[in-house]
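The values are calculated or read from the model by the stated rules, or taken from the named source; none is laboratory data. Owing to the predicted nature of the structure, the values given are computational and were not obtained by experimental measurement. Every residue, glycine as well, gets a Cβ built from its backbone with ideal geometry; the counts of neighbours run over all protein chains shown. When the accessible area is computed, the model is the full protein with side chains, heavy atoms only, and any ligands, DNA or RNA have been set aside. Shrake-Rupley method; radii C 1.70, N 1.55, O 1.52, S 1.80 Å.
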Amino acid sequence: MFFDIHIIGGGLAGSEAAWQLAEAGLRVRLSEMRGGGDTTPAHETDRLAEMVCSNSLRSDDAEHNAVGLLHQEMRSLGSLIMRAGDEHRVPAGSALAVDRMGFAAEVTRAIEQHPNIKLVRERVDSLPDHPTIIATGPLTGSRLAESIANETGEGALAFFDAIAPIVHRDSIDMDVAWMAARWDKGGKDYINCPLDKAQYEDFVAAFVDGEKMPFHDWEKDTPYFEGCMPIEVMAERGPETLRHGPMKGVGLDDPRTGRWPYAVVQLRQDNALGTLWNMVGFQTKLKHGEQVRIFRTIPGLENAEFARLGGIHRNSFINSPRLLDNQLRLKSKPNIRFAGQITGCEGYVESAAVGMLAARFAAAELRGEALPAPPVETSVGALLSHITGGADAETFQPMNVNFGLMPPLPGRFKRADRKKAYTERAREAFAHWLEPVSELERA
Ligand SMILES: Cc1cc2nc3c(=O)[nH]c(=O)nc-3n(C[C@H](O)[C@H](O)[C@H](O)COP(=O)(O)OP(=O)(O)OC[C@H]3O[C@@H](n4cnc5c(N)ncnc54)[C@H](O)[C@@H]3O)c2cc1C
């Protein structure tokens, strides 16, 4: 079959992208290496859209949760992943969990039977010259990864993430923490949380004893660069190591005491909106529950709300804020779009959502039209805006969708009311965006 566009990778993102393009009347070649003699270390079947770990598409609460809101937006755009998820739902409270086999079989069937899609079980090793969407995920085949690295330049493709926790700015107690830079150099760009000797010693002990996530066998060769070593590995080197490393208090006058604190935790702005702040140097394999418990012992972070917790995994992702435009095109090779986890979004739902957007942008372009990016007030728009420019390219690490990616709301709200206000604003913005988009598609 002659095709209009090539999609590489039949996971969550590639399947959604193929479906959206095919439904828009475009002919798609979908290359998936599983079933053609190759596999990844995490997949177990040849089915498309295989969920490699949990069977949950997370919260389905569109009123109070950014992922639930993303579900709703995706459903309005005819998402195959959401349709299959809804059809294969299993009981899980307010979460959308699915029968993973039934879910993947449904997606595979829909793709195989679509007259506009040719599914080819083949591995692709280089970047094509025709219109293409790369959706090869966190475990991209090594030759293709090499080809991406060659095109994008040194260091622009990461093979492991090293995620430091990210905190919502409005949950930090600024009566305790203060803004300053070490030795007052430059602007007062860091939020500093001070610890005294006893607090520091308890914190280090808790870290050393805390329960860690094991590495998978195929992750055991994770390279630890000094700059992104897990904080617990540093803590295990000796009780003073952190105090002379990421937690050093020198050059930081605490305005409440006029002295340098015994130790400090610093947070740096993580997005252009200034709503999210990352804990500098705190990448960790500690279990998520342990992270919340231990980080909330830090003065100033007692009520911290985390947009994302720390982690270290094998994960191929590009430096999207630097490399992609807001239509998910590679700036240096605009016939290539990226979608899914390889763009630095994180999670099944986010990956499928970015697949959906890449496809819709590509469909519009192939029809000679321009599709405006969804507004940043929506879930899908906030995610897109973050990965294609809102995030700091220097510290870019994979990110789940969350309200902190949206512009802050003016005024003060109770916590539950604030979430509702975010989703109400998002629905309005989404409807405004969707109306001309639907008209364009009907024309
Ligand atoms: C071990 C592990 C556990 C995870 N657990 C969760 C979880 O519990 N919840 C969650 O939300 N997210 C989880 N994730 C993240 C998850 O992988 C992504 O959220 C999601 O699957 C990404 O979708 P994707 O389409 O980008 O990639 P994938 O779903 O991985 O799809 C990529 C596809 O591309 C194919 N491919 C790769 N290279 C080539 C090539 N060169 N040629 C042709 N085909 C190729 C692969 O075979 C694969 O089918 C996990 C990831 C890993 C690695």
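Taking the numbered list (1) touching a Phe, Trp or Tyr at 6+ places or on another chain (Cβ under 8 Å); (2) touching a residue at least 12 places away in the same chain (Cβ under 8 Å) in turn, E211 passes all entries but (1). Being away from the ligand (no atom under 12 Å from the Cβ) and either over 20 Å from the mean Cα position of the chain (by Cα) or assigned to a helix (DSSP H, G or I) (or both) is the requirement here; does R75 meet it? Yes, satisfied. The number of residues in region 80-115 that are in a helix (DSSP H, G or I), under 16 Å from G68 (Cα atoms) and open to solvent by 10 Å² or more (accessible area, probe 1.4 Å) comes to 2. Residue check: R29 meets all listed conditions (1) open to solvent by 30 Å² or more (accessible area, probe 1.4 Å); (2) more than 22 Å from M399 (Cβ to Cβ); (3) near the ligand (Cβ under 7 Å from one of its atoms) but one, namely (3).
Taking region 411-442 as the range and being among the hydrophobic types (A, V, I, L, M, F, W, C) and in contact (Cβ under 8 Å) with a residue 40 or more places away in the chain as the test, the residues that pass are A416, A426, A429, F430, W433, L434, V437, L440.
Taken over region 307-356, the criterion of being open to solvent by 40 Å² or more (accessible area, probe 1.4 Å), in contact with a strand residue (DSSP E or B) (Cβ under 6 Å, 6 or more places away or on another chain) and away from the ligand (no atom under 16 Å from the Cβ) is satisfied by R329 alone. One residue alone among E350, E365 is modelled with pLDDT of 95 or more, within 20 Å of the chain's Cα centre (by Cα) and of a type outside the set (A, V, I, L, M), and that residue is E350. For the residues I7, I117, I111, the requirement of being more than 13 Å from the ligand (Cβ to nearest atom), touching a residue at least 40 places away in the same chain (Cβ under 8 Å) and in contact with a strand residue (DSSP E or B) (Cβ under 7 Å, 6 or more places away or on another chain) singles out I117. The number of residues in region 129-173 being open to solvent by less than 30 Å² (accessible area, probe 1.4 Å), out of contact with any helix residue (DSSP H, G or I) (no Cβ under 7 Å at 6 or more places or on another chain) and among the hydroxyl-bearing types (S, T, Y) comes to 3.
When A359 is tested against the conditions (1) within 16 Å of the ligand (Cβ to nearest atom); (2) part of a helix (DSSP H, G or I); (3) closer than 28 Å to C228 by Cβ, the lone failure is (3). Taking region 389-419 as the search range and keeping residues that are open to solvent by 70 Å² or more (accessible area, probe 1.4 Å) and assigned to a helix (DSSP H, G or I), which one is farthest from V280 (Cα to Cα)? Checked region 389-419; the qualifying residue farthest from V280 (Cα to Cα) is D417. Checking every residue in region 368-380 against the condition of being modelled with pLDDT of 95 or more, open to solvent by 10 Å² or more (accessible area, probe 1.4 Å), of a type in the set (S, T, N, Q) and part of a helix (DSSP H, G or I) gives zero matches. For region 357-367, a residue qualifies if it is of a type in the set (G, A, S) and surrounded by fewer than 20 Cβ atoms within 10 Å (Cβ to Cβ), and exactly one does: A364. Screening region 420-443 for residues that are at pLDDT 95 or above and among the charged types (D, E, K, R) and picking the one that is farthest from A370 (Cα to Cα) gives K420.
Criterion applied to K118, K185 was being at pLDDT 95 or above and open to solvent by 30 Å² or more (accessible area, probe 1.4 Å), and the one residue passing it is K118.
The single residue among E63, E50, E16 that is at pLDDT 95 or above, within 11 Å of the ligand (Cβ to nearest atom), assigned to a loop (DSSP other than H, G, I, E, B) and not β-branched (V, I, T) turns out to be E50. Tell me whether region 300-321 contains one or more residues that are assigned to a helix (DSSP H, G or I) and either out of contact with any Phe, Trp or Tyr (no Cβ under 9 Å at 6 or more places or on another chain) or in contact (Cβ under 8 Å) with a residue 40 or more places away in the chain (or both). Yes: one or more hits. Is it the case that A42 is at pLDDT below 95 and within 11 Å of the ligand (Cβ to nearest atom)? The answer is yes for A42.
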